[in-house]
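Here the structure is laid out as structure tokens; the discussion comes afterwards.
Readers should treat all values here as calculations from the given coordinates under stated rules, not as data from a laboratory. Keep in mind that what you see is a predicted model, and the values were worked out from it rather than measured. Methodologically, a virtual Cβ is constructed for each residue, glycine included, from the backbone with ideal geometry; neighbour enumeration extends over all protein chains shown.
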Amino acid sequence: MLHALLEYAHQQHLVAEPGLKPKTVGWLLLFSPEGRFLGIQDLRSDERTTKGREFPACPDLTQQELVAAGCRHFLVDGLDVVCLLTKGGQVDDKLAAKHHSFVELLQRAAIAVPVLARIAEALCDDAQLEAIRKELSPRKAKPTELATFAVVEDGGPLILVERDDWHAWWQARRQEMAEARRAKSRPAASRRKKGGGDAGPPRMRCLLSGEIVEALPTHNKIEGLSDVGGLAMGDTLTSFDKAAFTSFGLEQGANAAMSETMVKTYVTALNHLIRYRGRRMAGVKVLYWYSGPVDPDDDPIRELFEGAGLPAPEDSAASADAHHGNAASVAERAQAESRARRLLQAIQSGQSSDLGDFRYYALTLSANSGRVVVRDWMEGRFEELLRSVDAWFRDLAIVSRDGKGVVSSHKFGAVLAAPVRELRDAPAPLAAILWRCAVKRQPIPFEIMAQTLRRVQIDLMQGETPLHARIGLLKAFCNRNERTPDMNPELNCVENDPAYLCGRILAILAKIQQRALGDVGAGIVQRYYAAASATPGLVLGRLVRTAQVGHLPKIQEKGLQRWFENQLAEAWSQLHDKPPAVLSLEGQTLFAMGYYQQVAKRTASTSEGSEESAPASA
């Protein structure tokens, strides 16, 4: 996984030099070459959708370096530190010390960039600081927003953080702080050895580069996981702060030896992926990338998240036009749904042969107590991913509840919400498991099927039609389970599985009751579905007799009455035996499939030319 992150950093040309990192800056303070404050520039977007402009190589210190050196970040920091901007206007001793440390670094850096000395003088001038704060207040600047400096010359503002003439000084300064930190932590006995010399920390082979290096004691933090259990200040992927985590007497980062450059590279890659290629779902974040360039329109993992290009019928009235004969919408939907399949055919035919050599990488992360939790890691050939995505949508495809088409463009969020009441109730392990089922074409776990089946039963007993994604997930379970027959998207009139037929029979009985009595409130589905799906042998016979004696005679249209009788007799005759006494959970899944598909059957002509198209509401 770490080697793949290194390749990603090189592929994206990310700046991974130790002591530097990308930062998003909201404010640019403008100064003259003589150090006179001229004004400010707001780098945030007008819509406030972004926090500012990202600079790829800003000075950066780890939390350990900040604490040990007792200083602040150089050149880029919060407005509270740079110009003492606070909400109430009060500056305490702690903030004043931070400001002094920041200004002191600017003064030291004047050796490399002389104009910084004059900017530092301006930041020590109360009048200039007040002028800066007066410019910021009307624009609703926040103390925590980052700011940096620019010098206005004839050619326009020269942003200092974009220059590289301070890099060498900054790295030398970091090295000085590191030496001072090591000297402070070195035991007195080791300092006295060899006339006050010291052999220094042990050198080890880096796990990533393979070179002999001095292992970095602590690694940089991973940012952007605060919405999945992480801390706002960041979380650590590799840390050894407990005795139980160490081995062979090694301390801290020596248990996973990496150089500072390698650590910075994998951390920069992860932070970039989280920010630009991360998708949050149910307490986890999924990061994915490819070994080569893939057009966004051909991105199969994006298709998993967003569906097959168009919303499902339950989500948009526009898709109803496609089902009602709008030729353009039908063609557009067919094209969108076959995107992965068309790309797969292009690879096989040689039209996109370069994609066949690509690989995909998918990383699932969350965080807990300051530590990054790697919940899953997957990689493989791009062609295999296309096959998995195509199979995922085919296995989930299910007839719409009104019988007017097939829903196959399920968003992953809808599928993830299928086993639970709402998407927000989905736990992180569920998201990781279903994600692996989609990407690796694995069977749907039995536990997830049981949870989804329970939600379907609750929907039906409450008089509601189950969501398409719930029925689609049950169908995917059947198609990926060797012990159950494959299910078609629509009703299969030749399927002879007893559980499937029992579900069809209950749906027919519900339609008969609805046509005979109308809306009766709690009908046979609400009252008997749970019992019929678990013990059909004890329930269906009695319900059939009730229909023959109490419901069918009340249907006024004789042709429709005979049609219902034929439908019921045909389904019952396919059983070849009495209904099963007990159904397993797998059988109950087939029962639910039979019931739903029979209800969604769109039309059936009667001898009198009428149509039976109303789904059971009982």
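Observations, loosely collected:
- Crossing angle, helix 468-479 versus the chain [Cα axis fit, 0-90 degrees, rounded to tens]: 80
- Efficiency of FRET from Cβ geometry, residue 302 and residue 212, R₀ 51 Å, rounded to 0.05: 0.75
- Label-point separation in nm, residue 127 to residue 38, each point 7 Å along Cα→Cβ: 2.0
- Structure-derived P(r) over Cα pairs in 20 Å bins from 0, in percent: which label, when the choices are [x] 18, 51, 28, 3, 0; [y] 16, 36, 27, 16, 5, 0; [z] 19, 55, 25, 1: [y]
- Degrees, to the nearest 10: 126-136 long Cα axis against longest axis of the chain: 20
- Pair residue 377, residue 172: separation of 7 Å Cα→Cβ label points (nm): 4.0
- Fully extended contour minus Cα-Cα distance, from residue 522 to residue 245, at 0.36 nm per residue: 93.8 nm
- Crossing angle, helix 446-461 versus the chain [Cα axis fit, 0-90 degrees, rounded to tens]: 60
- Each of 420, 539, 439 was scored by other Cβ atoms within 10 Å of its Cβ. Arranged with the fewest first, they read 420, 539, 439.
- In percent, rounded to a whole number, the relative contact order of the chain is 10, using alpha-carbon pairs under 8 Å and six or more apart.
- Scoring 463-471, 517-525 by mean Cβ neighbours within 10 Å over their residues and listing the highest first yields 463-471, 517-525.
- Across the cross-link table entries 21/411; 98/285; 440/475; 21/51; 404/475; 21/87, which are compared at the Cα atoms, the separations over 23 Å belong to 21/411; 98/285; 21/87.
- Shape category assigned to the range 7-169 from the gyration tensor of Cα positions, a/c cut at 1.5: rounded
- Stretching residue 181 away from residue 205 to a fully extended chain increases their span by 6.3 nm, per 0.36 nm per residue minus the current alpha-carbon distance.
- Computed from point charges on the beta carbon alone (+1 for Lys and Arg, -1 for Asp and Glu), the dipole magnitude for the chain about its Cα centre is near 1700 Debye.
- Compactness relative to 2.2 N^0.38 Å, alpha carbon Rg of the range 351-497: 1.15
- All lysines inside 20 Å of residue 578 as judged from Cα atoms, apart from same-chain residues fewer than 8 positions distant: none
- Linear extension gain, residue 231 paired with residue 565, 0.36 nm per residue minus alpha-carbon span: 113.8 nm
- Estimated from helices alone, the mean residue ellipticity of the chain at 222 nm is -13500 deg cm²/dmol (sum of -39500 (n - 2.57) over DSSP H runs with n ≥ 4, per residue).
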